[in-house]
Amino acid sequence: MNTPQENPSLLQGVRRYRVGTGDFLAWWKESLLSWVPLRWRVVFGLARNRLLLSQAGDRLRLQVHDANGLQELALLPLPLEAIQLDGVLGNRAAKLPRWLLLPAGSALQRRMLLPAAAAERLRDVVRFEIDRQTPFTADHVRFDARVMGRRADGQLDTELVAVPRASFDAALAGLGDLAGSLVGVDASDGAGSPLGVNLLPAELRRRRHDPLSTWKWVLAGVAVLALVAGLWQVLDNRRAVAEAFAAQVDARAVQARVVATQRQQLVDIVEGTAFLDQARAERPTSIEVLDELSRRLPGNTYLEKVGIEGDRLTIIGYSPEASALVGLMQGSRLWRAPALSGAVQPDPRTRLDRFTLVADLASAPAPAPAQGAANGAGTP
């Protein structure tokens, strides 16, 4: 792939396209400005109006050059000071940039054909053509160049405008103090209209104060403040959204913790209920224990207390055969290991023995032995 540096024709095409784009933007700007009323363009400094000063013998001719052409303003005697000129001009005309307009025939004009790349630095390129196009050197003339047109192949049809330095300096000297207020020097064509060049060197041009510069700085400051305020507002909105999102996350986290706690409580209740149900299912009920006791204990035995604490069965009562109760309690499927707790105490009032009998409740009901097996076990 060739680069513009390796291919001169490609480089020339790129430069031609870039220059064409600049011309299009300039044309587009002029087209947009044409829709703005002339009065507004003058007020906002968008119009290219200028005040032309030209010598007519011993008098100074004042003309205003605007979009409608040249308009005669006044004809004043020379010499004239800048303060006197400001007093004659109106407020609006006094603020216009001042140009010296040289008479027709005072400038040498030469047409030249230059490549499109010369448009970027037209004045520097034309400087090297002065020796060949005029009988003067570049140091002895004041010169400028203008583009007259563009050909189909991209080349520029330009015109060199040069004025001998002696004539140029004499024209400036004829203005006296007014020469220091000039921003440019132009030359007239055969019809008396300006050529549209600036022969005044850049170091001699007066920098005019833009009356709207203060407003421009104020508007620029307001724009910067508005931009900063807008960015700050965006940042503040982002911060508010982040804080709201964090608060929402915290609220959801609290809700999640509450739900988790409630769920754990529910799980604990379910597990506890299941454990109690399982424990209740594994142990005999109180009714079953009382029924079993009523069937195994003899009729002359009286119970004072029957207590069930966990897997522990405690029986307190009176019986004439307290020592034989252990044997009667054995072999039940509801408890195991029955035994007397403590000594048997005779009761003189009832003439019965007071006993305390303990046993361990069975975890799971044992299957009842078959009747035939029980009879077989009792047969010698």
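The values are calculated or read from the model by the stated rules, or taken from the named source; none is laboratory data. From a predicted model like this one, the values you see are computed outputs, not experimental measurements. Ideal geometry is used to build each Cβ from the backbone, glycine not excepted, and the neighbour counts take in all protein chains shown.
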Exercise. Looking at (1) part of a strand (DSSP E or B); (2) among the aliphatic types (A, V, I, L, M); (3) within 53 Å of the chain's Cα centre (by Cα), find the lone condition where Leu101 falls short.
Key: (3)
Quiz item: Restricting attention to region 56-84, which residues are surrounded by 10 or more Cβ atoms within 10 Å (Cβ to Cβ) and polar (S, T, N, Q)?
Solution: Gln63, Gln71, Gln84
Exercise. Could you tell me which of the residues Ala366, Ala362 is surrounded by 12 or more Cβ atoms within 10 Å (Cβ to Cβ) and either farther than 16 Å from Leu303 by Cα or modelled with pLDDT under 55 (or both)?
Key: Ala362
Self-check item: Residue check for Ala173: within 30 Å of Ile83 (Cβ to Cβ) and modelled with pLDDT of 90 or more
Solution: no
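Per-residue answers, yes or no, for (1) in contact (Cβ under 8 Å) with a residue 40 or more places away in the chain; (2) farther than 27 Å from Ala339 by Cα; (3) over 38 Å from the mean Cα position of the chain (by Cα):
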| position | (1), (2), (3) |
| --- | --- |
| Ala229 | no, yes, no |
| Phe275 | no, yes, yes |
| Ala279 | no, no, yes |
| Glu292 | yes, no, yes |
Quiz item: Can you tell me which residue in region 110-126 is nearest to Asp186 (Cα to Cα), limited to those that are exposed (fewer than 15 other Cβ atoms within 10 Å of the Cβ) and over 51 Å from the mean Cα position of the chain (by Cα)?
Solution: Arg111
